[in-house]
Structures are given as C-alpha cells and as structure tokens.
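Working notes, beginning with the structure itself.
Read the figures in this text as sums done on the coordinates, not as results from a lab. Fair warning: this is a prediction, and the values are worked out from it, not measured in the lab. Note: ideal-geometry Cβ built from the backbone for every residue, glycine included; neighbour counts use all protein chains shown.
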Amino acid sequence: MSYNPGAMEDPTQLAQRITTSIQKITQCSSEIQRIVNQLGTSQDTPELRLQLQQKKEYTNQLAKETDKYIKQFGSLPSATEQRQRKIQKDRLVNEFTTALASFQKIQRQAAEKEKDFVARVRAGSRISGGFPDDGHKEATLVSWEGETLPQTQMQDEDITEDELRLIEERESSIRQLETDIMNINEIFKDLGMMVHEQGDVIDSIEANVESAEVNVQQANQQLARAEEYQRKSRRKICIIILILAIAAVVLGLIIWGVTKN
C-alpha cells in the first residue's frame with residue numbers, strides 16, 4: 001500500500017480501499033491470536049515467533065496506512081453529498097476502530113505472556129533483578145511493570161546462557177509490543193479528533209443550510225407583501241382615474257349647460 005496525500009482519488013474507490021484494509025487487519029488479528037495462543041506451549045518455536053513478528057509488523061503498517069486513507073477520505077471535497085459522505089466516513093471509522101481494538105487486545109495478551117515467561121525464568125533461576133556485572137555478562141532487564149532493574153552481582157550458575165538469551169529475546173519483544181500498543185493509541189486519538197472536527201464542519205454546514213432556508217422564507221414573505229402593496233397601489237390608481245373621469249364628465253356637463261343657456 002502507498003499513500004499520496006496530494007493525489008485526488010474517487011471517493012468510492014478510496015472507501016473500498018479502506019474497507020479492504022480493515023478486512024485485512026481483522027484477518028491478520030485472527031492469525032496473530034492463533035499464534036499468541038501457542039506461546040509458552042510445546043508449539044512455541046523460533047519459526048512461530050518469526051511468523052508472529054512478521055504478521056505484527058504487517059498489521060501495524062496496515063493500521064498506519066488505513067489511518068491515512070481515512071484522513072484523506074474525510075478531506076475530499078464534496079458538494080451535494082456531504083451528509084452521505086459523513087455517514088460513510090463514520091461507518092468506516094467505527095469499523096476501523098473495532099478492528100484496531102481487537103488487534104491491540106491481542107498485543108496486550110502477547111505482552112502479558114512474555115512477562116509471565118520472564119517472571120518464571122527469573123523465579124526458577126533465583127533472579128532478584130538484573131544480570132551479573134562480573135565481566136562475563138552485563139545487561140539490563142525490564143521488570144514486570146516495564147521499569148529498569150538495577151544491576152546486581154550473582155553467581156554464574158544462577159542463570160544459564162540459554163535462559164539469558166531467552167530473557168533478552170522476550171524483553172525485546174515486550175518493549176516492541178508496548179511501542180506498538182502506544183502507536184495504536186495515537187491512531188485512536190487521531191480518529192477521535194478527526195471525527196470531532198468533521199462533526200463541527202457538518203454542524204456548521206447544516207446550520208448554514210437552515211439559515212438559508214429561513215432567509216428564503218423571509219424573502220418570499222417580503223415578495224408577497226410587495227406584491228400586495230403593488231396590487232393595492234394599482235387599485236388606488238384605478239379609483240383615482242375613475243374619480244377624475246367622473247369629475248371630468250360632470251364638469252363637461254356643467255360647461256355644456258352653461259353654454260347652452
């Protein structure tokens with residue numbers, strides 16, 4: 001997928017692209033859920049974890065690009081289809097939000113499983129926090145809550161090479177999962193702001209339409225009053241002309257009578 005904010009696309013095609021991306025996110029989330037359910041079991045293998053990492057990266061990229069597509073869809077110019085466009089955008093935002101929430105929930109489950117694993121290894125190896133700093137191994141672990149633990153000295157037999165490697169891998173996975181979860185939170189914020197701003201725009205347009213309707217009604221009333229005024233004026237003119245005509249006739253008769261006498 002690619003996103004070009006400067007390109008103008010057909011709304012129907014862009015909406016279909018968003019719908020397809022949401023469907024892919026939902027499908028990937030189901031596949032990731034299946035893999036997460038296998039973590040910590042006999043089926044937990046390096047190949048399985050590589051597959052999990054690839055699917056997570058792909059789904060996160062899908063989420064970012066879908067967010068951009070929805071923003072582009074909301075910014076497309078519209079004339080007579082503004083309300084219909086808003087309804088369609090709201091539907092896409094709701095579907096996208098649902099898909100993101102499901103994906104984020106699975107990421108949290110994966111992070112909890114990794115933390116459980118680290119805790120079990122530490123407990124089994126009598127680790128009270130950190131790695132030895134005796135010159136053989138130095139490292140920093142992330143605690144259950146994600147806080148950095150201080151380094152303490154311990155004997156080499158308390159932790160094996162394999163356990164150290166597994167803990168490092170799991171903690172790296174935890175940090176990446178927490179970063180991905182925060183990125184999804186940012187997308188949620190973007191969606192919330194976009195819906196709010198777009199709603200204000202629609203409300204403003206509707207208010208302007210209502211105002212225009214009122215103005216049209218007032219104009220019609222004024223035209224009706226003007227027409228009534230013109231009709232009354234014509235009636236007055238006709239009456240005046242009739243009065244003048246009668247006066248002229250009467251005056252003519254008087255003059256004719258005087259002249260005849």
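Taking 7 Å along the Cα-to-C-beta vector as the label spot, tell me the Gln61-Lys24 distance in nanometres, rounded to one decimal.
Result: 0.9 nm between the two label points.
If the cut-off is 20 Å between C-alpha atoms, which lysines fall inside it for Lys86, apart from same-chain ones fewer than 8 positions away?
Filter leaves Lys68, Lys71, Lys189.
Would you please put 236-244, 184-192 in order of how densely packed they are, using the mean number of other Cβ atoms within 10 angstrom per residue and starting with the highest?
Peptide ranking by packing, descending: 184-192, 236-244.
Could you order the peptides 31-42, 94-105 from most to least packed, using the average number of other C-beta atoms within 10 Å per residue?
94-105, 31-42
Show me the ranking of peptides 43-51, 65-73 by mean Cβ neighbours inside 10 Å, starting with the highest.
65-73, 43-51
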